[in-house]
Amino acid sequence: MIGEQKICFSGVQPSGNLTIGNYLGAIRNFATFSEAYKCFYCVVDEHAITVRQNPADLRRRTYETLALYMACGLDPEKNTLYVQSHVPAHAELAWILNCYTMFGELSRMTQFKDKSARHADNVNAGLFTYPALMAADILLYQTDVVPVGIDQKQHVELCRNIAERFNQIFPDTFTVPEPIIPQSGKKIMSLADPTKKMSKSDENPNAIVYILDDRDTIIRKFRRAVTDSETVVRFADGKDGINNLMTIYACFTGKTMEEIEREFAGHGYGDFKLAVGEVCADALAPVQARYRELLADKADLEAQMKRGAEEAAYYARKTLSKVQRKLGFVQLR
Ligand code: ATP
Ligand code: LTN
């Protein structure tokens with residue numbers, strides 16, 4: 001708790017251009033916590049370097065991700081928006097938590113298994129211990145809730161286990177957080193292979209709709225989306241492509257699956273795909289316009305980063321000092 005408020009924390013990696021999966025599964029929901037919770041939203045650049053990044057791209061994307069946070073409705077007056085590497089306590093607590101995280105636990109993480117298969121030439125220790133850094137992010141702020149897409153649920157559960165293990169040895173150190181997974185949009189699938197998650201690091205650009213894609217590109221990508229050989233718009237097992245498009249349409253319009261089935265009864269997939277493209281482009285247009293304005297003022301973005309980092313560092317230090325004291329590290333005044 002900070003004052004009377006419970007705490008919300010989440011993060012996005014500046015590891016690529018953000019997708020509508022990131023938007024619908026995570027960022028769009030962040031603003032809904034701003035009133036009831038004290039919110040910390042972090043651009044997790046230290047997580048991003050677990051796979052090789054081009055330095056110029058990483059730097060640019062860090063600004064872009066912060067600008068997108070704001071363009072998606074996160075007011076820096078109401079939320080603490082900052083960059084992970086600006087608050088050294090994240091890396092410091094991560095080291096400590098590494099010593100309370102088991103090799104076997106980390107070996108079971110599906111993201112590690114996927115990413116080590118995709119980057120077989122660079123299976124580094126950071127990729128393996130990534131969840132301990134993520135646990136540090138969350139636990140530093142005594143977080144109550146963590147809004148994420150379903151792919152991150154396993155990491156939040158590991159974070160809970162680490163917190164409970166630590167609390168058992170050193171009582172009342174950490175708040176044990178809950179993941180908050182959206183009902184709809186928790187796992188947006190690739191448009192090229194709807195059995196796979198839409199991921200910003202996919203090599204096939206047609207698999208992904210980016211938040212910043214222009215209207216024509218969005219409509220073209222949806223038109224090409226892989227579906228099935230039936231022609232009826234209905235939500236059913238085995239219709240992964242259509243199920244995904246219906247989910248996206250539902251997220252942008254607030255309609256139920258039954259309403260969507262009725263709306264497109266008697267229409268082919270072509271009409272439906274065009275409608276999905278249009279609602280997506282319409283919803284993203286104001287975000288894109290606001291994003292361009294924000295990105296044009298780099299000095300303001302830097303001022304926001306600085307303010308966010310100072311505020312975050314204040315709360316992070318409090319938890320880190322408590323942990324260091326409990327562990328028996330000598331504290332100098
Ligand atoms: P990468 O491909 O580099 O692993 P990512 O897009 O999977 O990136 P992040 O940028 O770290 O991962 O994700 C930020 C947030 O977006 C997380 O909460 C994650 O659960 C959510 N998210 C990512 N992809 C999707 C998706 N396809 N559907 C729903 N939520 C998603
Ligand atoms: N691991 C997440 C990004 C992330 C995060 C966090 C999310 C890093 N630290 C803390 C929530 C809370 C990912 O890969 N999507």
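The values are calculated or read from the model by the stated rules, or taken from the named source; none is laboratory data. Everything numeric here is computed off the predicted structure, so don't read it as measured data. Counting neighbours? That spans all protein chains shown, and the Cβs are built from the backbone with ideal geometry, glycine included. For accessibility, only protein heavy atoms count, side chains too; no ligands or nucleic acids. Shrake-Rupley method; radii C 1.70, N 1.55, O 1.52, S 1.80 Å.
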> Is it true that F166 is more than 24 Å from Y41 (Cα to Cα), open to solvent by 70 Å² or more (accessible area, probe 1.4 Å) and more than 14 Å from ligand 2 (Cβ to nearest atom)?
Replying inline: no
> Conditions: (1) under 27 Å from T256 (Cβ atoms); (2) crowded, with 21+ Cβ neighbours inside 10 Å. P177 meets all but one. Number of the miss?
Replying inline: (1)
> Hey, among F174, F222, which residue is over 20 Å from the mean Cα position of the chain (by Cα) and within 16 Å of ligand 2 (Cβ to nearest atom)?
Replying inline: F174
> In the stretch 32-55, which residues are assigned to a helix (DSSP H, G or I), more than 8 Å from ligand 1 (Cβ to nearest atom) and open to solvent by less than 40 Å² (accessible area, probe 1.4 Å)?
Replying inline: F33, D45
> Out of the stretch 119-158, which residues are within 11 Å of ligand 2 (Cβ to nearest atom) and of a type in the set (D, E, K, R)?
Replying inline: D137, D151, K153
>> surrounded by 18 or more Cβ atoms within 10 Å (Cβ to Cβ), in a helix (DSSP H, G or I) and within 23 Å of the chain's Cα centre (by Cα): is that true of A250 in this structure?
In response: yes
> How do the pairs read when you match residues in the stretch 68-89 that are away from ligand 2 (no atom under 14 Å from the Cβ) and part of a loop (DSSP other than H, G, I, E, B) with residues anywhere that are open to solvent by less than 10 Å² (accessible area, probe 1.4 Å) and of a type in the set (K, R), using Cβ under 6 Å and keeping only pairs 6 or more apart or on different chains?
Replying inline: none
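Give the residues of the stretch 219-240 that are assigned to a loop (DSSP other than H, G, I, E, B) and touching a Pro at 6+ places or on another chain (Cβ under 7 Å), sorted by residue number. Give the steps one after another, and end with the answer.
We begin by selecting, within the stretch 219-240, every residue assigned to a loop (DSSP other than H, G, I, E, B); these are 224-239.
Across the stretch 219-240, the qualifying residue is only V226.
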> Residues of the stretch 195-218 being in a loop (DSSP other than H, G, I, E, B), within 12 Å of ligand 1 (Cβ to nearest atom) and either over 20 Å from the mean Cα position of the chain (by Cα) or small (G, A, S) (or both), which ones?
Replying inline: S199, S201
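Looking at N22, N17, N79, N29, can you tell me which residue is of a type outside the set (G, A, S), surrounded by fewer than 22 Cβ atoms within 10 Å (Cβ to Cβ), within 17 Å of the chain's Cα centre (by Cα) and closer than 23 Å to A135 by Cα? Talk me through it step by step, then tell me what you get.
Values: N22 fails: surrounded by fewer than 22 Cβ atoms within 10 Å (Cβ to Cβ); N17 fails: closer than 23 Å to A135 by Cα; N79 fails: surrounded by fewer than 22 Cβ atoms within 10 Å (Cβ to Cβ).
Every option except N29 fails the conditions.
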